[in-house]
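Report on the following structure.
The values are calculated or read from the model by the stated rules, or taken from the named source; none is laboratory data. Model, not experiment: these values are computed from the prediction. Note: ideal-geometry Cβ built from the backbone for every residue, glycine included; neighbour counts use all protein chains shown. Please note that ligands, DNA and RNA were not included when accessible areas were found on the heavy atoms of the full protein model with its side chains. Shrake-Rupley method; radii C 1.70, N 1.55, O 1.52, S 1.80 Å.
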Amino acid sequence: MSRTPFNNKWITTASSILIQTTTGTPSTFGIYSSALKSSQSYTQSTLDVVSVFKDLGANLGLLAGLLCTQSIIKDRDHDRNHRHYGPRIVILVGSVLCFVGYFGTWLTVVGVFGRLPVAVVCVFMALAGQSMPFFNTADVVTSVLKFREYSGTAVGIKRENLHERMGFLGLSGAILIQVYRTIFKNDSTGFLLMVSILCTLNPLWLMWFVNIHEGYDDNEKEPLNSFSIVIIVLAAYLVAVIILESVISLPLWAHILVLAGILLILASPVWIAPKAIRASSYEAKKTSFVEEQLPDAEKDKVGYHRLPDLTDREGIPSDILTEEESNINLLQAMRTVNFWLLFLASACGIGSRLATLNSITQIGELATRPRRPALWYPYGEYGIP
């Protein structure tokens, strides 16, 4: 464990989770799409073209993956500084893309540039969407390297799995929409400005706590389960709120209380992390004390011994990957059947989801309930009925 209080895997995990709570901005497109459409006098087909570029940016993670490979994975064994600066470089690039994309879109909506060519607006939206893969990639890679025994749980806490939005990323759109309903009700332009600032500054501040921490300790499962419980509680709370809002009209003070409750739940990881640090420290001291009390002969029996090399497949279950298999590059992965099965499943699922999302506000307007469907969408994205 590092001697620096803020340099450990649990502080990194909590910081990554809080970054993810503001990265689901593509899900909020339905809020400001009408303002963009009217300010630029777009037809629905033109707006669909703009949204396609947003989706390309949000789902094309090749650049983020290449930067992550170069700044985190390849160099982490050669330069210890990359354990600190690698994830931060990826998050920094994502923050720049987020600000340029959303702030440029806001300037377009308020008319600073007048009527821009559609291609320029498409570039703004593509940059805005492209920020999400950079945030996700940095958070997911650090999670996998930190929690090799529970990598599936750690990744699921933070982001998506195939076309289903899971974890804090899936709920971030719903959280941002509650902020919109409380502070920017019917002011989509102000909301867009808030997104460009908040979703840029939040990662920029928290990235200083995101580091690479490899290694295993016996106290990983319980804190990760606690983070999962936070997700379930937050999802249930948001669903209960949106159902209540559909039944009765909540006054402003009620919306403020709802938002305060969301912020209180989001503060839970900040409380879980120090508790996990104390538990790990206690276990380490307990183990050290027990070993010190043992006679020298007994210490030899319980001492550390080199584990068999995983490259020797004899006696090792077939579902355990060797080091070489778990670190294949993109070109090597593209030569496997599993890669293309995952690609096909993702493409089919994401396509239908994005087509619905991009037209959700227009569907609501035809149903004489403007923007109401856009408020429901992130909850269904999480998989909660």
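Per-structure values
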item	result
Residue check, Thr69 polar (S, T, N, Q) and at pLDDT 90 or above	no
Residues that are open to solvent by 40 Å² or more (accessible area, probe 1.4 Å) and touching a residue at least 40 places away in the same chain (Cβ under 8 Å), drawn from the stretch 110-148	Val110, Gly111, Arg115, Val118, Val123, Leu127, Arg148
Options Arg80, Arg115: the member that is at pLDDT 85 or above and in a loop (DSSP other than H, G, I, E, B)	Arg115
Residue satisfying condition, being closer than 25 Å to Val90 by Cα, modelled with pLDDT of 90 or more and buried (at least 17 other Cβ atoms within 10 Å of the Cβ), within set Leu266, Leu169	Leu266
